[in-house]
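Participant: Sharing a structure below in structure tokens format, with a few things to ask.
The values are calculated or read from the model by the stated rules, or taken from the named source; none is laboratory data. These numbers were taken from a predicted model, which means no experiment stands behind them. Cβ coordinates were reconstructed from backbone atoms using ideal geometry, including for glycine residues, and neighbour counts include every protein chain displayed. Heavy atoms of the whole protein, side chains included, go into the accessibility calculation; ligands, DNA and RNA do not. Shrake-Rupley method; radii C 1.70, N 1.55, O 1.52, S 1.80 Å.
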Amino acid sequence: MQSLIQLEISRRDLLISSAATVAVSGVAAEAAAQSPGNAMTYTTKISFTINGEIRDLDVDNRVTLLDVLREHLHLTGTKKGCDHGQCGACTVLVAGRRINSCLTLAVMHEGEQITTIEGLGEPGNLHPMQAAFVKHDGFQCGYCTPGQICSSVAVLEEIKADIPSHVTGDLTTQVQLTPGEIRERMSGNICRCGAYSNIVDAITEVAGTKT
Amino acid sequence: MQFDTPAATNPIDQLKVVGRPIHRIDGQLKTTGRAMYAYEWHDPNTPYAYGYPVGAAIAKGRIKSIDVSAAKKAPGVLAVVTTLDVGELKKGQFNTAKLFGGDRVQHYHQAIAVVVAQTFEQARAAAALVRVDYVVEKGAFDLEKAKDSAIEPAAKPGEAPPDTAVGDFDAAFASAPVTLDETYTTPDQSHCMMEPHASIAAWNGDKLTVWTSSQMIDWWRSDLATTLGIDKEKLHLMSPFIGGGFGGKLFLRADAVLAAFGAKAAGRPVKVALPRPLMANNTTHRPATIQRIRIGAGRDGRIAAIAHESWSGDLPGGGLETAVNQTRLLYAGAHRMTAMRLATLDLAEGNAMRAPGEAPGLMALEIAIDEIAEKLDMDPVQFRILNDTQVDPENPKRPFSHRNLIGCLEVGAERFGWSQRGRPGARRDGNWLIGLGVAAAFRNNLLIPSGARVRLDREGIVTVETDMTDIGTGSYTIIAQTAAEMLGLPIEKVAVHLGDSHFPVSAGSGGQFGGNCSTAGVYAACVKLREAIAQKLGFNSDDVVFENGEVRSGNRSVRLAEAAGSDGLVGEDTIQWGDLSETHQQSTFGAHFVEVGVDVATGESRIRRMLAVCAAGRILNPITARSQVIGAMTMGVGGALSEELAVDTRSGFFVNHDLAGYEVPVHADIPHQEVIFMDETDPMSSPMKAKGVGELGLCGVSAAIANAIYNATGIRVRHYPITLDKLIGGLPDVA
Amino acid sequence: MRAFTYERAPSVEAAAKAAASNPEAKFIAGGTNLLDLMKLEIETPTHLIDVNGLGLDQIEPTQEGGLRIGALVRNTDLAGHGIVRRDYGLLSRALLAGASGQLRNKASTAGNLLQRTRCPYFYDTNQPCNKRQPGSGCSAIGGFTRQHAVIGTSEACIATNPSDMAIAMRALDAVVETVKGDGSHRAIPIADFHRLPGDTPHIETVLEHGEIITAVVLPPPIGGRQLYRKVRDRASYAFALVSIGAVIQPDGTGRIAVGGVAHKPWRVEAAEAELPKGARAAAGILLSDARPTDHNRFKLDLVERTLGAVIAEARG
């Protein structure tokens, strides 16, 4: 039924959505031409792995990891909510750790493994966290959702790895998984629709079935 | 379909699909990142360009000149379009401030240029090179100071008059044995939807296609055509997924206008998103209010006199924040008056934000009710029950279509353990002062015409098309449920396509009318389709039954796929509303219960428990309806505890104009939330017998929190947000 | 964001040398503050030196019994380190009170020490700001100042330092180790590292251009109850209105550093001497020269009350 919504949308007009393709824009060369004449240029060749696929790009040094994903690779599941590290909608996993992809440059990720929401699961083959979000209605408009889900997956790993949080009681004992721990750790992902209560339910369910 | 008599039994009442807890049909798209929002449309064969907006650096004045020479020379720049280049533009019907065009600056960060380049990075860098020479003019930015010069605005057609009066308030108030006369303030608030306003514009000759993020497709289409001076029919607008709106995307915004001008100048499709730090001052906000409330009551606890006056500000030509609306209808009382005054302020345009009027109105009124109940030494739940009214207090011959506020209060009090509430400042848990608070929720039910087209194909799939939007409300799902119910199909056999100006014009998403009105429009279209099917099969449409993918009449039955034939069948209609909302007052009701803890040392207030009980007609989908309510409760927590656009009253702008400075609630602020829906239907409201809940859920929440903080601390704060600095002077000594 | 060239530094010395030779160069580590500011053109380097590959990500015991924390150790890793959790709980607590999980995963120890103010007038490039544009004036003074400093301010600037970590480092007497462009090393006591605004609020630390932080060294553990209390409007992901880092010994003596009140972590040794007498006595000295605005006068009360709660918790 999901496809019933979406397929027709993409047929609607000329500008058709397509599967992500590697897009090395012609812009890089032009920007390089503005180089002040030393060996350094305003662009850099990089290679990293996104959702298991190696990507080679030549990017403007200014391009954030977020904009590489969205504008160059058309992996638009990762969202731009603020572009300033204030909302968490751009959360992705780099080497298994969650970060705000808006506050890091693409050129700083040479050789790294990056997982985005598209890499966690797809319609018909959801990651358990994605399925739990659907089941518990852990979203409304859906814009913060990929970031919430990436963060949720990492939060459970962080607790398992005994990384403490602001609400951890005793720093010298193993961190426990509690609703309070989940809420604190998820606080870098803002949801203006206010699905927080349902999101905690979704994460709690996945945590329960994992152990 | 004209809806002018109360709904009788109809196919929706079967409740095989409608009313069921069905998960969102767009859930898999949203949770996998496959739902495409405005800025994300992509054609690999199309070279997009990026537009970056430039906002005015002053609040009021005139632009003498704009120097774009450096910007134009910057790498990758394709075009720079300034507000001076395009000159004065016609303004859209729904905009107060102009979005672009001309040399006047009406508010801070008003769009004055767009720089278009090959890449986002180039456009952003070049935008910083635009140099503007202004003539600054003095403006008014302080509501408190402007209050005395506020005027009584002319009543707008279809809107409530600024002043109302019934009986003799002054005399009744003067003679009341117990009285309250207090002033409350609510600050400017920002929608802060997670998806920034964004548009892609693509010209094809004189035709324009725009992907945008809009709650109201047809309003945008009309206003964008007006602003650009093009024929509306040449404009195709699409907004299938919207990353939140809350009223901030009701009206055309600058991103669409800038994208259209930028695309024209650059000769290729252009993407524009408003940078987050620009949003608070560039777009609309909920205006601040100053509200005076007077209540006179008898010793028996009955309200004899009630008055609510409100002052708000807006740009010239703007409107009121109608904060007194609910006070005309919520409680009984023979002598009553309301009044609203409008000051001129040169801040950004004030306009609708979730539950405009009622949200700030109830923030004040429901503290006042708590205060008068305390003066009467009455329980505030009992006081509200005692002063309930089943008729319009200004016109007792006009009943409510259905009103169960009392039920909400009683069920909520029982479920929440309201009887545990003690005297102010009496309960403590370690370093926390604990308090309980209650407030009534009230929001009118609005009826807007809404159209849809429903197509049955030879696969037996029903496809609904309407320009209705889903801003997170669950429109996709409840529309699919409606069509499935009407045609006797499982929901998997229904496809829903929304947010496209090629589709019939709907109510759109706003004023919590979208759910009821858009499904009623789909209902009407499905009735047409049922008739078409029956007619094609030669069935008597009176006794035809749609069930299990079949249509039956007498002992004949035909599979719907077969009935459709190779060409398929189509039903299209628009629901139109009669006078049932005039003969009967249609409103939604609720009760909010909150438990807070206030840190005895620091005055930080944290929510411990929340419960909402809502009476809002038939609940079309308890999952999505509940989400609307918990989301609204969350916004109410922000409104109570942290949200305030801080005004720099010297230079006239909202200072904390990003998501770090304007603090909306985060996960850690929100406990587990409970919602109860009263089991009811309202046959006056529509064939769906539903009303709205999305705004009701916000109404009263902040006041319930304020009342709970009072119960915890004994400190009455009448000025939102209730931050620790307003409590700290009154907290017990801890040193 | 202005265009910039980019290099990955091969060594600390090379990084320092490269930076020293280019007045418009900046180091980038986590990037969580620098890129935020570059997008707004508050920071406008034309060359970035990526120091992430320099191996400065170790936490090692020192010969003196303390701890050397590499400049590139991420906030998450520092807060979660076993020795830090056991012996320097204040540091762990302060780090965990800051930002979000995502930001702490990226933000570095050195970068945290160098993060710039969150004054909204500093962030809005239309507004005059002496810190952003020396000599242009301070638009915060007389404006919306609820978050701003109450002590150590000047006519030029009333901004606060937003770091939580720095409060802990100040209370723990950390030492900042650096390498300069000429290859020389120095060790800067944290007390001397951050500056008050004076009439040069754009100069926030004593670092020279090109000088790179290599480590932050903690002296041997001092025991005591180590607490960090951050007071803010929302419960998480917000900067402090006021924060107190404290190490309270069983005899009631101890150390306190205060955040959210000044341009640098605020610590007054004379106030600590009053700790055994209670919060009022200590706060009185701590904030004796305070010059609050009408918007932030509440911070004086708040510091005293929060300190009282911290002392009570330490004793309890």
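Participant: DSSP loop (so not H, G, I, E, B), at most 16 other Cβ within 10 Å: list which trypsin sites (Lys or Arg not before Pro) in the range B:404-477 pass both filters.
Facilitator: Hits after loop and neighbour filter: B:458.
Participant: In the structure shown, do any of B:64/B:138; A:80/B:30; C:230/C:299; B:72/B:207 have a Cα-Cα gap over 18 Å, and if so which?
Facilitator: Among B:64/B:138; A:80/B:30; C:230/C:299; B:72/B:207, the Cα-Cα distance tops 18 Å for B:72/B:207.
Participant: Now for a separate question. Please identify every one of the trypsin sites (Lys or Arg not before Pro) in the range B:615-652 that sits in a loop by DSSP and has no more than 15 other beta carbons within 10 Å of its own beta carbon.
Facilitator: B:650
Participant: If Lys and Arg each add +1 and Asp and Glu each add -1, what is the summed charge of the other residues whose beta carbon sits under 11 Å from the beta carbon of residue B:711?
Facilitator: Counting the neighbours of residue B:711, the net charge comes to +1.
Participant: I'd like the distance separating the alpha-carbon centroids of the range B:602-643 and the range B:314-380, in whole Å.
Facilitator: Result: 20 Å between the Cα centres.
Participant: Then there's this: Using a ≥ b ≥ c from the Cα gyration tensor of the range B:24-165 (square roots of the eigenvalues), is it rounded, prolate or oblate, where a/c under 1.5 gives rounded and otherwise the larger of a/b and b/c decides, a/b for prolate?
Facilitator: Oblate, because a/c is 1.5 or more while a/b does not exceed b/c.
Participant: With no solvent and one equal point scatterer placed on each C-alpha of chain C, evaluate the Debye formula and give log10 I(q)/I(0) for q = 0.11, 0.14, 0.16 Å⁻¹, two decimals.
Facilitator: Listed by q, the Debye log ratios stand at -0.66, -1.09, -1.40.
Participant: Report the antiparallel proportion of the DSSP beta bridges in chain B as a percent, rounded to a multiple of 5.
Facilitator: 75
Participant: Counting residues in the protein assembly as shown as N, plug N into 2.2 N^0.38 Å and put the Cα Rg over that result.
Facilitator: So the Cα radius of gyration is 0.91 times the expected 2.2 N^0.38 Å.
Participant: May I pose another question? Leaving out same-chain residues fewer than 8 places away, which lysines sit with a Cα under 19 Å from that of residue A:160?
Facilitator: A:210
Participant: Taking a probe of 1.4 angstrom, what is the accessible area of residue A:83 in Å², to the nearest 10?
Facilitator: Number for this one is 20 Å².
Participant: Moving on to the next point. Once amide H atoms are placed 1.01 Å from N in the peptide plane, what residues at a sequence separation of 5 or more from residue C:181, or on another chain, have their amide H within under 5 Å of its amide H?
Facilitator: The answer is C:211.
Participant: What's the magnitude of the charge dipole for the range A:128-209 around its Cα centre, counting Lys and Arg as +1 and Asp and Glu as -1 at the beta-carbon? Answer in Debye, nearest 20.
Facilitator: Rounded to the nearest 20 debye, it is 240 debye.
Participant: Would you give the gap between the C-alpha center of the range C:40-54 and the C-alpha center of the range B:72-119, rounded to a whole Å?
Facilitator: 32
Participant: Whenever you get a sec, line up C:56, B:258 from highest to lowest accessible area (probe 1.4 Å, protein heavy atoms).
Facilitator: Sorted descending by solvent-accessible area, the residues read C:56, B:258.
Participant: Report the net charge of residues surrounding residue B:378, where surrounding means a beta-carbon distance below 12 angstrom and charges are Lys +1, Arg +1, Asp -1, Glu -1.
Facilitator: -2
Participant: For chain B, place one equal point scatterer on every Cα, skip the solvent, and apply the Debye formula. What is log10 of I(q)/I(0) at q = 0.10 Å⁻¹?
Facilitator: So the normalised log intensities are -1.02.
Participant: In nm, give the distance between the simple-model label positions of residue A:56 and residue C:46, each being 7 Å from the Cα along the Cα-to-Cβ direction.
Facilitator: Using points 7 Å along Cα→Cβ, the separation is 3.2 nm.
Participant: Looking at the range B:85-193, which GluC sites (Glu not before Pro) are in a loop (DSSP not H, G, I, E or B) and have at most 13 other Cβ atoms within 10 Å?
Facilitator: Counting only loop positions with at most 13 other Cβ atoms within 10 Å, the GluC sites (Glu not before Pro) in the range B:85-193 are B:88, B:137, B:159.
Participant: A further question follows. Could you check the simple spin-label distance between residue B:415 and residue B:385, using points 7 Å along Cα→Cβ, in nm with one decimal?
Facilitator: Modelled inter-label distance: 1.6 nm.
Participant: Which aspartates and glutamates does residue B:73 reach when only Cα atoms under 20 Å apart count, and residues fewer than 8 places away in its own chain are ignored?
Facilitator: A:30, A:60, B:85, B:121, B:133, C:41
Participant: On a 1.4 Å probe surface of the protein chains, which of C:57, C:36 comes out largest in accessible area, and what is the full order?
Facilitator: Putting C:57, C:36 in descending order of accessible area: C:57, C:36.
Participant: Of B:353, B:337, which has the most accessible area with a 1.4 Å probe, and how do the rest follow in descending order?
Facilitator: If we order B:353, B:337 from most to least accessible, we get B:337, B:353.
Participant: How large a share of the accessible area of the protein assembly as shown, in percent, is made up of carbon and sulfur atoms when the probe is 1.4 Å and the other protein chains stay in place?
Facilitator: 49
Participant: Right, another one. Give me the percent relative contact order of the range A:128-209, please, defined on Cα pairs under 8 angstrom at least 6 residues apart.
Facilitator: It comes to 49 percent, rounded to a whole number.
Participant: Would you mind checking the range C:108-127 for residues with the amide N under 20 Å from a putative spin-label position 7 Å along Cα→C-beta of residue B:145?
Facilitator: C:121, C:127
Participant: Nothing charged except the Cβ atoms of Lys and Arg (+1) and of Asp and Glu (-1): what's the magnitude of the dipole of chain B about its Cα centre? Round to the nearest 20 debye.
Facilitator: 960
Participant: Turning to a different aspect of this structure: What whole-number distance in Å separates the alpha-carbon centres of the range C:91-136 and the range C:219-294?
Facilitator: The two parts, judged by their Cα centres, are 20 Å apart.
Participant: Per the Debye formula with a single identical scatterer at each Cα and no solvent contribution, what log10 I(q)/I(0) holds for the range A:128-209 at q = 0.16, 0.25 Å⁻¹?
Facilitator: Taken in order of the listed q values, log10 I(q)/I(0) reads -0.54, -1.21.
Participant: Report, as an integer, the average count of C-beta atoms from other chains found within 10 Å of each Cβ along B:613-620.
Facilitator: Taking all residues of B:613-620 together, the mean is 0.
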